Amino acid sequence: MHAISSTAASDGDRTVDVAVIGLGSAGEAAARSLAKAGLDVVGFESGRVGGECPFVACMPSKAMLHDAHRSPAERRSWPDAVARRDEIVDHLDDSDHVDGLVDAGVEVVRARAEIVGRRLVAADGRRWSARHVVVATGASPVMPPVDGLDSIPYWTSEDALTSNELPERLLILGGGAIGCELADVYRSYGSHVTLVEAADRLLDELDTPVADRYTELMADRGIEVLAGVELESVERRDGEIIGRLSDGAMLRHTHLLVATGTTPRLEGLGLDRLQLDQGAITSGAPTRPIGGTDWLWAIGDVNDRSPYTHGANAEARAIVAEIVGHGPRPVGVMPHCVFTSPPAATVGSTLERAVADGIDAYRVEADYAEVARTTTDELVDGKVALTVERTTGAIIGFSGAGPAVDELVAAATILVHTRTTVEAAADIVFAFPTISEVLDVLLSRALDRRSEQADGEPVDTESLRERVPRSPEEVEEAQEAIAALNDVPHAVPDQTVPDQTVPDQAVPDAG
């Protein structure tokens with residue numbers, strides 16, 4: 001074990017190297033790694049160890065989506081799909097997660113913890129002095145200001161992913177990842193689903209043209225999408241939930257699911273004693289101590305930066321490296337996927353975000369219909385977009401909606417993470433016929449844009465020479481070759497995409 005630092009507090013019942021408050025995805029990963037590195041670690045959790053992802057979020061939702069996306073002939077019945085979901089989440093039993101931490105050497109305290117002083121944590125009538133304190137308490141659902149919402153029964157995503165009930169008519173408030181995925185599940189199993197989103201399109205974090213296409217594709221699935229309106233009031237009448245929209249329309253449903261986002265879970269944590277507020281948690285780099293301290297860290301959903309399990313794990317790895325003295329380990333760009341049919345994905349910056357951040361950038365787009373695999377496999381016509389920094393040609397963002405884009409985003413993540421230039425990426429060869437060829441279309445168009453003058457300004461060739469390990473002559477030769485290829489017409493046979501609308505069907509008795 002590492003000896004405790006002389007700067008640690010000394011008025012606790014027990015002295016440790018690290019106290020981790022919250023043992024969800026981020027906290028569990030950090031506590032285990034720190035203990036395996038030889039540090040004395042205590043972890044606190046009043047809920048399920050392992051957090052939401054393995055029990056009431058990622059794992060159960062993906063299990064249900066797996067069944068929802070099978071053909072009607074192969075799809076499990078609703079009761080069987082629910083039973084499989086419950087087996088996958090171990091019937092909400094977190095024993096394996098607890099045992100894994102204990103085996104790694106972590107002291108697990110099943111209680112809510114509070115910071116009661118500098119480097120001092122209290123829980124269950126005891127106190128621990130710690131050289132470092134890691135806050136990983138996660139986030140809680142946000143309830144929107146809808147008149148009457150507090151007087152009617154409604155679901156959160158956790159309720160939806162633990163219930164065995166199949167609604168006849170489901171109203172979902174919120175067109176983000178959770179709302180869209182659950183809409184896909186319930187529509188596939190015959191529920192009439194209405195998805196209400198205040199923004200003008202679903203998944204507004206995507207590039208606008210991609211989000212527009214995704215919204216169309218979800219409507220094609222048979223989901224009633226109402227975008228650009230707000231749910232103003234709800235009431236329960238005659239066993240139904242009656243909703244009124246901002247445009248005056250009235251909705252009648254049997255169930256309501258609220259999926260309008262989350263907020264950091266900080267209540268009762270004791271930050272006020274340190275004269276810190278939520279801003280101290282959510283500002284600054286995720287790999288550095290917070291609030292001007294050298295001992296307090298915040299990782300995972302609580303810092304409101306990357307609310308994904310892979311983001312939580314990356315931040316855990318980064319702070320572990322800092323705490324054990326291995327030096328800084330930055331967190332890379334964060335991809336995000338939505339696992340509907342078809343899926344959506346994004347990484348880096350959209351053009352809209354780049355412009356808001358003052359970055360001079362441009363966007364190129366491509367449709368799935370432009371690659372042969374869409375024809376051979378009768379795929380729906382998705383859309384992808386690439387955002388490029390104009391002055392350097394660096395690829396800074398990607399988003400897409402279409403078949404297998406949740407896998408395609410891995411290649412885009414590498415390009416964005418390494419700030420690969422369009423000139424360098426244009427040399428990549430993509431196998432034929434694969435969906436990945438849609439990236440080839442994007443890169444060709446981005447290279448064409450690079451060969452043009454932007455707003456009368458010449459391309460920054462000096463910057464390009466620094467970034468691209470080729471001579472200017474080789475770059476020019478490659479551009480001419482690609483331009484020649486682009487002049488060759490590629491005949492794509494007419495195709496008829498089969499209607500993927502899921503017909504209304506009788507709702508089985510879920511028992």
Taking 244-251, 210-217 and ranking on average Cβ neighbours within 10 Å, highest first, one gets 210-217, 244-251
What value, in deg cm²/dmol to 500, does the helix sum -39500 (n - 2.57) over DSSP H runs of n ≥ 4 give at 222 nm once divided by the residues of the chain?
-9000 deg cm²/dmol
What percent do you get for the relative contact order of segment 185-287 when only Cα pairs under 8 Å and 6+ apart count?
18 percent
Expected vector for segment 204-220, Karplus 3J(HN,Hα) from phi with 6.51, -1.76, 1.60 and θ = phi - 60°, integer Hz, x for Gly and Pro, equals 5, 6, 7, 4, 3, x, 6, 4, 5, 5, 4, 4, 5, 5, 5, 5, 5
Any chance you could run the full-extension gain for residue 278 through residue 96? It's 0.36 nm times the residue separation minus the Cα-Cα distance, nm to one decimal.
62.3 nm
Determine, for 296, 34, the number of other Cβ atoms within 10 Å of each Cβ, and report the residues in order from fewest to most.
296, 34
Anisotropy class of segment 212-274 from Cα gyration tensor, a/c 1.5 cut
oblate
Calculate, in nm to one decimal, what residue 164 and residue 77 gain on full extension: separation in residues at 0.36 nm each, minus their alpha carbon distance.
30.1 nm
Considering the chain, which cysteines have no disulfide-compatible partner, defined as another cysteine with its Cβ under 4.7 Å away?
180, 337
Relative counts (whole %) of C-alpha pair distances in segment 149-260, using bins that are 5 Å wide:
2, 12, 25, 25, 21, 10, 3, 1, 0
Once Lys and Arg get +1 and Asp and Glu get -1 on their Cβ, which of 436, 102, 229 lies farthest toward the positive end of the dipole of the chain?
102
When 417, 132 are ranked with the fewest other C-beta atoms within 10 Å first, the list becomes 417, 132
What's the magnitude of the charge dipole for the chain around its Cα centre, counting Lys and Arg as +1 and Asp and Glu as -1 at the beta-carbon? Answer in Debye, nearest 20.
1780 debye
Subtract the Cα-Cα distance of residue 88 and residue 199 from 0.36 nm times their separation in residues, and report this length gain in nm to one decimal.
36.5 nm
Along the positive direction of the dipole of segment 226-383 (beta-carbon charges: Lys, Arg +1; Asp, Glu -1; about the Cα centre), which of 334, 371, 321 reaches farthest?
321
For labels at residue 238 and residue 355 in the simple 7 Å Cα→Cβ model, what's the distance in nm?
4.8 nm
State, as an integer percentage, the relative contact order of segment 7-128 based on alpha-carbon contacts under 8 Å between residues 6 or more apart.
34 percent
Would you mind estimating how fast the chain diffuses translationally, via Stokes-Einstein at 25 °C and 0.890 mPa s with the Kirkwood radius over Cα pairs, in µm²/s?
97 µm²/s
Taking neighbour Cβ counts within 10 Å as the exposure measure, how do 405, 82 sort from fewest upward?
82, 405
How high is the FRET efficiency between residue 452 and residue 229 when r is their beta carbon distance and R₀ equals 41 Å, given to the nearest 0.05?
0.55
Taking R0 as 45 Å, what FRET efficiency do you get between residue 124 and residue 372 from their Cβ-Cβ distance, rounded to the nearest 0.05?
0.10
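Any read-out appearing in this document is the output of simple, stated calculations on the displayed coordinates, not a laboratory observation. Keep in mind it's a predicted model, so treat the numbers as computed, not measured. Using ideal geometry, Cβ is built from the backbone for each residue, glycine included, and neighbour counts are taken over all protein chains shown.
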